[in-house]
1. Within the range 2-39, which chymotrypsin sites (Phe, Trp or Tyr not before Pro) sit in a loop by DSSP and count at most 12 neighbouring Cβ atoms inside 10 Å?
2. Given R₀ = 41 Å, FRET efficiency for ASP53-ALA33 by Cβ-Cβ distance, to 0.05?
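Just so it is clear, none of the values below were taken in a lab; they were calculated from the coordinates. No experiment lies behind these values; they were computed from the predicted model shown. Note that each Cβ is placed from the backbone with ideal geometry, even for glycine, and that neighbours are counted across all protein chains shown.
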Amino acid sequence: MRRVKHALRWIGLGALLAYLFDPDRGRERREAALERGKQLVEQAKGVAHQVEDAATEARDTMTAPRSDEAIPTASPSYDDVAATG
């Protein structure tokens, strides 16, 4: 079974090379593949930028106090709480 998979990989590679380097239409196919690759890279950059923006917004939302919240300056110590209770 391993030999069959290995042979199929080489056959597939040969078919791909024949497709891309065809004397009649190979140049068009290579240019189309290159253009598609560039589009995919740009799309991936856009998605990465969106994820980065969302992560920054989520981080800022979680760490920034709301405007109606008081920002505590100090919390009471255990001794202060025990003395009043």
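1. Details: sites: TRP10, TYR19, PHE21; in loops: PHE21.
In loop regions of the range 2-39 (DSSP not H, G, I, E or B), the sparsely surrounded chymotrypsin sites (Phe, Trp or Tyr not before Pro) are PHE21.
2. Values: r = 31 Å, r/R0 = 0.75.
Calculated transfer efficiency: 0.85.
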